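Take a look at the structure set out below.
Values quoted throughout were computed directly from the atomic coordinates according to the rules given, and no laboratory measurement underlies them. Bear in mind the structure is a predicted one, so any value in this text is a computation, not a measurement. Cβ placement follows ideal geometry from the backbone for every residue including glycine, while neighbour counts extend to all protein chains displayed.
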Amino acid sequence: MSLTLYNTAARALEPFTPLEKGRVGIYVCGVTVYDLCHIGHARSAIVFDVLVRYLRALGNDVTYVRNFTDVDDKIIARAKDLGESPEDLAGRYIEAFYTDMDQLDIMRADREPRATEHIEAMIDMIRILIEKGNAYRAGDDVYFAVESLPGYGALSGRKLEDMKAGSRIAIGEQKRHPMDFALWKAAKEGEPQWDSPWGKGRPGWHMECSVMSTHYLGTTFDIHGGGEDLLFPHHENERAQAVAALGGEFARYWIHNGFVTVNSEKMSKSLGNFLTIRDALKLYHPQVLRMFLISQHYRSPLDFTRSAVEAHRSGLTRLYRALERMDAILGPWNYDQGLSKQLKGDALPLPEEFRQAMDDDLNTARAVAFLFEKLKEINRIIGQEASLSESDRSLLAEGREELIVCASVLGLLKESPAAFFEGVAKDTVTLDNAEVERLVADRTEARKKKEWKRADEIRDILKKMGVVLEDGPKGTTWHRDV
């Protein structure tokens with residue numbers, strides 16, 4: 001089986017075949033930097049981070065481009081409210097973006113252009129569209145003429161006549177068709193502005209992605225991605241501009257991730273359920289949050305609830321406990337080297353079951369399930385710790401490497417067990433270790449005397465304290481239930 005992806009443009013699953021064998025170009029719409037990123041942004045970033053990791057793990061040379069929208073109505077309005085320049089506001093939130101994404105172990109894109117770095121190229125594309133009859137000047141504004149491009153609306157599955165019936169021209173606009181959209185906006189007092197053949201102003205939002213994607217990846221490239229909310233009008237308009245101006249196919253595969261809701265409601269500041277990445281990271285370890293965000297298929301909606309996230313903390317803890325035991329038996333794995341650094345275009349040895357899951361339209365839910373199937377195999381061997389043969393140790397070493405290699409493609413198991421447990425313990429109750437040790441010793445003594453009821457009572461006391469006991473051939477050990 002080879003990688004199959006759901007192509008929004010075709011509304012079907014399609015085998016993924018890059019333009020050039022072994023080389024893949026991906027463009028993903030980044031954030032508009034006027035505020036802190038929320039968990040919906042985190043999901044989208046992680047989805048495409050995993051896609052890039054997997055493509056590289058298969059041995060592809062991937063060029064990943066993700067932009068920043070650093071000039072926009074929202075940025076201008078927010079900067080005015082805060083009494084700072086749009087440039088300073090955008091710069092501050094770009095740094096905040098990096099801080100949040102780094103905590104979630106989201107790899108930096110190969111190219112991360114800002115819209116304001118490509119204004120001249122946007123002006124050039126607008127000029128070409130006017131010359132070709134796909135755009136027109138209306139006062140000091142310039143609009144794209146949607147009727148000039150046959151098939152406009154095909155990407156999002158809309159018909160132009162239906163869109164016209166449900167739209168209107170706003171006061172002050174001089175459009176020929178209600179769905180025509182701005183390529184250049186005339187300058188308003190106090191706003192960022194650039195010189196152009198049509199007067200001072202700034203490009204429309206859609207223009208930036210048409211220019212930056214084709215600048216770095218060519219007029220036809222492999223994959224364009226983003227959240228499903230961007231499909232229309234942004235991606236539809238972006239595609240229309242690029243195809244009309246440059247020819248070519250633009251993006252061959254369109255990948256869109258689903259929404260994140262909070263307690264079954266759409267995230268909204270007015271509802272008080274707007275959850276930034278920073279707020280979420282105050283509650284959950286970054287690896288726990290990441291595991292939750294890949295726990296469902298990327299095209300499915302994902303409902304953020306405390307119980308759902310905490311369930312993944314428990315699962316991740318089991319994986320790290322197994323790593324801890326294997327490190328004690330086999331010697332520590334070099335977690336500092338980070339397998340993510342190996343995702344540089346050299347194919348990794350991925351188990352067939354894991355590949356089948358990922359080849360099935362990047363089915364991370366199945367891929368995570370594979371990790372826990374591998375965990376069962378590992379725990380069966382660990383259970384024989386007192387009498388492990390060389391063959392068993394070899395199988396255990398292979399199991400550990402498979403587990404870590406597959407997890408690295410998902411961006412998981414990136415740190416040592418000790419570092420993970422220290423991180424997740426920050427939001428748990430502080431334990432009195434001396435008291436725990438005393439109770440464990442009392443239980444051991446009760447078991448020696450075959451006072452099973454008393455031993456069970458002590459186990460229950462420890463469980464309520466958040467302590468898990470493990471009885472083995474070398475005695476009883478304990479750890480936090482984190």
Completion exercise
Cβ-Cβ cut-off under 9 Å around Thr220, Lys and Arg +1, Asp and Glu -1: the net charge is -1
Exercise for the section: Express as a percent, rounded to the nearest 5, the fraction of DSSP beta bridges in the chain (both residues included) that run antiparallel. Expected result: 50
Practice task
Provide the net charge surrounding Thr305, with neighbours chosen by a C-beta distance below 15 Å and charges set as Lys +1, Arg +1, Asp -1, Glu -1.
Solution key: 0
Handout entry: Whole-Hz ³J(HN,Hα) from phi, Karplus 6.51 cos²θ - 1.76 cosθ + 1.60, for region 232-240, glycine and proline x
Key = 9, x, 4, 5, 4, 6, 4, 5, 4
Practice task
Calculate how many DSSP beta bridges within region 4-262 are antiparallel, expressed in % of all such bridges and rounded to the nearest 5.
Solution key: 45
Handout entry: Separation of alpha-carbon centers, region 401-426 and region 31-70, rounded to whole Å
Key = 20
Practice task
Among Lys175, Lys80, rank each residue by its count of other Cβ atoms within 10 Å, from fewest to most, as a rough exposure measure.
Solution key: Lys80, Lys175
Practice task
Lys and Arg at +1, Asp and Glu at -1: add these up for the other residues within a Cβ distance under 12 Å of Lys453 and post the number.
Solution key: +2
Practice task
Grab the beta carbon distance between Leu388 and Glu95, set R0 = 45 Å, and tell me the FRET efficiency rounded to 0.05.
Solution key: 0.35
Exercise for the section: With r as the distance between the Cβ atoms of Arg366 and Arg438 and R0 = 45 Å, compute the FRET efficiency 1/(1 + (r/R0)^6) and round to 0.05. Expected result: 0.50
Problem - Pairwise centroid distance, computed over Cα atoms, of region 246-278 with region 1-22, Å - result: 22
Problem - Label of the coordinate-derived value, mean projected area of the Cα convex hull in nm², listed as [x] 24.6; [y] 29.9; [z] 26.7 - result: [z]
Fill in the blank from the handout: Once phi for every residue in region 129-144 is put through the Karplus expression 6.51 cos²θ - 1.76 cosθ + 1.60 (θ = phi - 60°), the whole-Hz ³J(HN,Hα) values, with Gly and Pro written as x, are 5, 5, 4, 7, x, 8, 9, 8, 8, 10, x, 9, 9, 10, 10, 7
Handout entry: Pairwise FRET efficiency - Ala138 versus Lys80, Cβ, R0 = 30 Å, nearest 0.05
Key = 0.70
Practice task
Over region 111-218, calculate the relative contact order: mean separation of alpha carbon pairs under 8 Å at least 6 apart, over the residue count, as a percent.
Solution key: 30
Practice task
Report the residues of region 289-331 in range of a label on Glu265: point 7 Å along Cα→C-beta, backbone N strictly under 18 Å from it.
Solution key: 302-308
Practice task
Please get the size of the charge dipole for region 305-426, origin at its Cα centre, with Cβ charges of +1 on Lys and Arg and -1 on Asp and Glu, quoted in debye to the nearest 20.
Solution key: 480
Exercise for the section: Specify the inter-centroid distance of region 175-221 and region 311-329, based on alpha-carbon positions, in whole Å. Expected result: 51
Handout entry: Restraint check, Lys21/Lys74; Lys200/Lys269; Lys376/Lys449; Lys80/Lys269, Cα-Cα greater than 31 Å
Key = Lys21/Lys74; Lys200/Lys269; Lys376/Lys449
Problem - Derived scalar couplings ³J(HN,Hα) [region 356-365; Karplus, 6.51 cos²θ - 1.76 cosθ + 1.60; whole Hz; x for Gly, Pro] - result: 4, 5, 6, 5, 7, 6, 6, 7, 5, 4
Completion exercise
Summing -39500 (n - 2.57) over every DSSP H run of at least 4 residues in the chain and dividing by its residue count gives a helix-only mean residue ellipticity at 222 nm, to the nearest 500 deg cm²/dmol, of -14000 deg cm²/dmol
Fill in the blank from the handout: For Glu352, Glu208, Glu310, ascending order of other Cβ atoms within 10 Å (fewest first) is Glu352, Glu310, Glu208
Fill in the blank from the handout: Per its Cα gyration tensor (rounded if a/c is under 1.5, else prolate when a/b beats b/c, else oblate), region 305-426 is best filed as rounded
Practice task
Kindly put Asp73, Asp81, Asp360 in sequence by how many other C-beta atoms sit within 10 Å of each C-beta, fewest to most.
Solution key: Asp81, Asp73, Asp360
Problem - Lys, Arg +1 and Asp, Glu -1 on Cβ, resulting dipole of the chain about Cα centre, debye, nearest 20 - result: 940
Fill in the blank from the handout: Per its Cα gyration tensor (rounded if a/c is under 1.5, else prolate when a/b beats b/c, else oblate), region 4-262 is best filed as oblate
